[in-house]
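The values are calculated or read from the model by the stated rules, or taken from the named source; none is laboratory data. These figures come from a predicted structure and were not determined experimentally. When we count neighbours, we look across all protein chains shown, and the Cβ atoms used for this are built from the backbone with ideal geometry, even at glycine.
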């Protein structure tokens, strides 16, 4: 074994009603970025993220990774979270424009 990977939904609170299709249960920071749920990942408290876990995994001679979905989360859009280093907020329109950008970038790569 070479890798230890934290799989999908590591940022989702583990509470009644929260499942893979739930909305509003994600732990996000003020900019809408996914953060580890501190109840499930106690070492992440205080904004430490996966630092302690990654250090432990690396000390065991393994590589550490997390499953991350690209794009802006639905919860960040619904919360109108500001986007770091911009004056823009996560809205339906910014999400729509990101989709158009990704589709254009993909079509440019094909040619």
message: Please go through segment 46-58 and give me each residue that is under 17 Å from residue 12 (Cα atoms) and surrounded by fewer than 12 Cβ atoms within 10 Å (Cβ to Cβ), ordered by number.
response: 47
task: Please work out which one of (1) at pLDDT below 80; (2) at positive phi; (3) surrounded by 12 or more Cβ atoms within 10 Å (Cβ to Cβ) is the condition residue 80 fails and give its number.
output: (1)
statement: The condition from (1) farther than 22 Å from residue 4 by Cα; (2) in contact (Cβ under 8 Å) with a residue 12 or more places away in the chain; (3) part of a loop (DSSP other than H, G, I, E, B) that residue 76 misses is numbered (3)
message: Can you confirm whether residue 18 is touching a strand residue (DSSP E or B) at 6+ places or on another chain (Cβ under 9 Å) and not in a loop (DSSP other than H, G, I, E, B)?
response: no
task: Report the residue count in segment 3-26 for those that are crowded, with 16+ Cβ neighbours inside 10 Å and farther than 21 Å from residue 64 by Cα.
output: 4
message: Looking for something surrounded by fewer than 14 Cβ atoms within 10 Å (Cβ to Cβ), modelled with pLDDT under 60 and part of a helix (DSSP H, G or I) - is there at least one such residue anywhere in segment 87-94?
response: yes
- request: Those residues that are at pLDDT 85 or above and surrounded by 12 or more Cβ atoms within 10 Å (Cβ to Cβ), I need them from segment 64-77; list them, please.
  value: 64, 65, 66
field: Hits in segment 27-43 - residues which are surrounded by 14 or more Cβ atoms within 10 Å (Cβ to Cβ) and more than 14 Å from residue 72 (Cα to Cα)
entry: 36, 37, 38, 40, 41, 43
- request: Just one of (1) part of a helix (DSSP H, G or I); (2) on the phi > 0 side of the Ramachandran plot trips up residue 9, so point out which.
  value: (1)
- request: Select from segment 30-59 the residues that are without any contact (Cβ under 8 Å) to a residue 12 or more places away in the chain and in a loop (DSSP other than H, G, I, E, B) and list them in ascending order.
  value: 38, 48
